[in-house]
Amino acid sequence: MAVVAILWYTFAMPDPSTLSMNISLPEALKRLVDAQVDSGMYGSVSEFVREAIREKLQRQQEHQRAKEQLIANLLDGLNSGPGIVVDENTFKDMKKRLLEKLDRAGEQPRDERRAS
């Protein structure tokens, strides 16, 4: 019985360094939290809120890493050498060159392959 009590205390009692906080929720969010706890997925409202906060922090970290990667990619692009002028004919010319290359290789463009 003592082992059960020790395990209960270890897992059920809050960490002594844990602080308490009161929050106000709109009724719809309160129902959502209560439903999650009632479903058995979470042992308590606090557990649900802690996980929600951890997930939010994780998303923020991922967003920050993505932002840093985007900046790095943009800087790489800026430092990659002189750019080219892009106008309304650029993509038409690129498509024309690609179609010519496919023709020389004896391949059909995908649009024509689907029609066959």
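Nothing in this text is a laboratory measurement; each read-out follows from the coordinates by a stated rule. Quick caveat, the model's predicted, so the values are computed rather than measured.
Here is the size of the range 26-80 from its Cα atoms: Rg then Dmax, 18.6, 56 Å.
For a straight C-alpha distance cut-off of 21 angstrom, the lysines reachable from residue 92 (same-chain residues fewer than eight places away being disregarded) are 101. Our estimate of slack between residue 93 and residue 29, defined as 0.36 nm per intervening residue step minus the Cα-Cα distance, is 17.6 nm.
3J(HN,Hα) couplings calculated from phi for the range 36-49 with the Karplus curve 6.51 cos²θ - 1.76 cosθ + 1.60 (θ = phi - 60°) are, in sequence order, 5, 5, 4, 6, x, 5, 10, x, 7, 4, 4, 4, 4, 5 Hz; Gly and Pro show x.
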